[in-house]
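Here, each number is a calculation from the coordinates, and none is a lab measurement. Bear in mind that the values here come from a model prediction, so they are computed numbers and not experimental data. Reconstructed Cβ throughout: ideal geometry from the backbone, glycine too, with neighbour counts over all protein chains shown.
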Amino acid sequence: MATNKYKVHLISDNKNLRRKLNKVTYFEEIHMDISLDVVNEDITIVDDTIININDLLENKDKISSQYIFYRVSHDNFRFSTKSILDSNNILLIGPYMTDDNLVEFVCQNVIKAYKFNVNKNIITFFGADTKVGTTQIAQSIAEKITDKTDAKVCLIFLDGEVGTDYINVDFKNNIDSIKIKLISGLVTVDEILDIAETGKNKKLLMIEGTKSILYRKEYQPEHISQLLNILSLACDVVIVDAGSYIDRAMSISALTATNHRYLVTTQQANSLRRYVEKRPILEILSLDDFQVIVNKHMQEGSLLTNYDVAKTYGQPYLAKINFSRYALEAEKDRKTLIHYNDKDLNKDINKLTDVIIDQMALIKKETPKKRKWFKGVV
């Protein structure tokens, strides 16, 4: 096309969707209809509440569009529908997509010059080593964000392990409960949220990781990407504990899903050595872009300073979390360290949380001002 703009035929009664399509500079004309006649536009978007799948397939020859999208409602979202659409070169739009997400999806598939951004509301914590405290940090930040904001937060463990060592909640389900539907590409947002548990704070959803070493190998990057995409639409913030293994699809997908990547490490030389071993893979995947969090920090003259630690990793320093003497107790009680009387650690966690809230453009709750008391004048 000389103009590099596309004409869209929308078979739907969704006026809001039409308005959003009109705002896309790549679309020069949006034709809206509630019947299927001859269609000559470049893109056709069909709503299944207007045209059922059999009518669409029977009259597909009337559509000369290069791209055909079919929006499927929740009741019609099944494997057979997806298979039939795939075999007829029709792209399925799932029921979990909002109108904004639909426009993004169409642009991603049609416009070559259009760059689909990574999810802006996903936070991924990755460990330089297995013992640096990645889970503690990820969970503490999740808890603090729900305390400091009204955001709906989902904490998910995608390191190939269960991950819920510091959550004293009986998880009835985990990611394996939706494995078949996730791998088939048919999982819905409701099915994902159904496997989540909540603690005292109902705004914090928690999804337990895999319990099976065998299942761990079955999850491919595209499966985890789909899971995170759906969660990013359903929640204000998604926080991922990606563990420290770079040879697992779960961890790789969690890192590629966002630009908000935080590397958790310590002042120990072992942590650096472990990271150096996996750095070549991270570089090949263009995932060697982190903000450094120095955990278990100790003020010792023989140890590297926080900025020196960050320099050795070749990444910018973000924050430090003080060493806590309550670590073993927290492990036994299945709690994060923020629930203990450790003022230095809580101060560090609060400071880090505030920085992340700012980076994610979240709105903090207004803290009630303390009432001032004045002595009466006689």
Centroid-to-centroid separation of the range 292-358 and the range 1-58 [C-alpha atoms, Å] = 52
Cut-off under 5 Å, modelled amide H: who pairs with Lys320 long-range | Val294
Considering only DSSP beta bridges where both residues belong to the range 122-359, give the percentage that are antiparallel (nearest 5).
-> 5
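What list do you get for Ser140, Ser184, Ser286 if you sort them by fewest beta carbons within 10 Å?
On the way: Ser140 24, Ser184 13, Ser286 9.
Ascending number of Cβ neighbours within 10 Å: Ser286, Ser184, Ser140.
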Any idea what angle helix 221-234 forms with the longest principal axis of the chain, computed on alpha-carbon atoms, 0 to 90 degrees, nearest 10?
-> 90
Classified through the alpha carbon gyration tensor (a ≥ b ≥ c as square roots of its eigenvalues; rounded if a/c is under 1.5, else prolate when a/b is larger than b/c, else oblate), the range 150-263 comes out rounded
Cα-based shape type of the range 149-202, given that a ≥ b ≥ c are square roots of the gyration tensor eigenvalues and the cut on a/c is 1.5 | oblate
Relative to the longest principal axis of the chain, what angle (0 to 90°, nearest 10) does the C-alpha long axis of helix 343-359 take?
-> 20
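In what sequence do Leu227, Leu328, Leu282 fall when counting other Cβ within 10 Å, fewest first?
Numbers: Leu227 24, Leu328 9, Leu282 19.
In increasing order of surrounding Cβ atoms, one gets Leu328, Leu282, Leu227.
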Packing-based exposure ordering (other Cβ within 10 Å, fewest first) of Thr256, Thr265, Thr130, Thr146 | Thr130, Thr256, Thr146, Thr265
Take the alpha carbon atoms of the range 254-273, find their center, do the same for the range 165-204, and report the distance between the two centers in whole angstrom.
-> 25
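Using a ≥ b ≥ c from the Cα gyration tensor of the range 237-296 (square roots of the eigenvalues), is it rounded, prolate or oblate, where a/c under 1.5 gives rounded and otherwise the larger of a/b and b/c decides, a/b for prolate?
Numbers: a/c = 1.78, a/b = 1.24, b/c = 1.44.
It comes out oblate by the Cα gyration axes.
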